[in-house]
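Quick note: the coordinates plus some simple rules give every number you see, no bench work behind them. All figures in this text were calculated on a predicted structure; none of them were measured in a lab. Cβ coordinates were reconstructed from backbone atoms using ideal geometry, including for glycine residues, and neighbour counts include every protein chain displayed.
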Amino acid sequence: MVPTHWIRMKTTWLALFICLLLVIASKAQDVKLPAVRRNVLLDSIGLSDPFILADQRTHQYYMTGTGGLLWKSKDLKRWDGPYPVAQPDPASWMGPRPMIWAAEIHPYQGKYYYFATFTNPAVKIDTVQGNAIERRACHVLVSNQPDGPYVPLQEATYLPANKPTLNGTLWVDKDRKPYLVYCYEWLQNLNGTIEKIELKPDLSGTVGESKLLFRASDSPWSRENPRTGPRAPTK
């Protein structure tokens, strides 16, 4: 028979181990955001894929890009930020902490729309030439103010789950129909394409099927390195 004190000791150690796991999990959920700074010169800001909205309503500039953060300025010279503005649904395909790339802010019919690429590295949708393809897609969030917060609209997805897409932007044609123009990533199709798909009138989702606009190989100056994939042409 196992001694009672031994059972108590094992139970105590098990409880301590579970508590430790909970603490670690809690810490893992904490995302340390950068402190907001004031009057930062533009050339002191490091930001990939920058996009600047000149907002006529507030008479301010709003700069965003990769990372899901935002900067504000009145003169394009000195900026306040960065502010966290993107609030995607953690229960969606994006997961609790998606990577956010190449964000843009577009005013449209009285609201502001946040077009960005969201990536969930925990979900793999394909394997091509030995490369695991992560779940990545263009998506749209909305706010009543240019500085957010930006929250989900109705649709859980705008583009097929089995296609990695990125760098989406808003385009409105001469008939005032809105479209999502985006890139279908070359990592999967091996010849990156630019495509468009019609958006609902309130941008809350997409309509119908996407249409091909052109392929990377269509450019006469396009070149490819077999080992690294497509690259920019040399000057």
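Here are the numbers for this structure:
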| read-out | value |
| --- | --- |
| Relative contact order computed over the stretch 38-231 (Cα-Cα under 8 Å; 6+ residues apart), in percent | 13 |
| Subset of K32/K77; K177/K200; K124/K163; K163/K211 violating a 19 Å alpha-carbon distance limit | K32/K77 |
| Local electrostatic count at R136 - Lys and Arg +1, Asp and Glu -1, tallied over other residues with Cβ under 13 Å | 0 |
| Shape category assigned to the stretch 38-231 from the gyration tensor of Cα positions, a/c cut at 1.5 | prolate |
| Neighbourhood charge, 12 Å Cβ-Cβ cut-off, centred on V40 and excluding it, Lys, Arg +1 and Asp, Glu -1 | +3 |
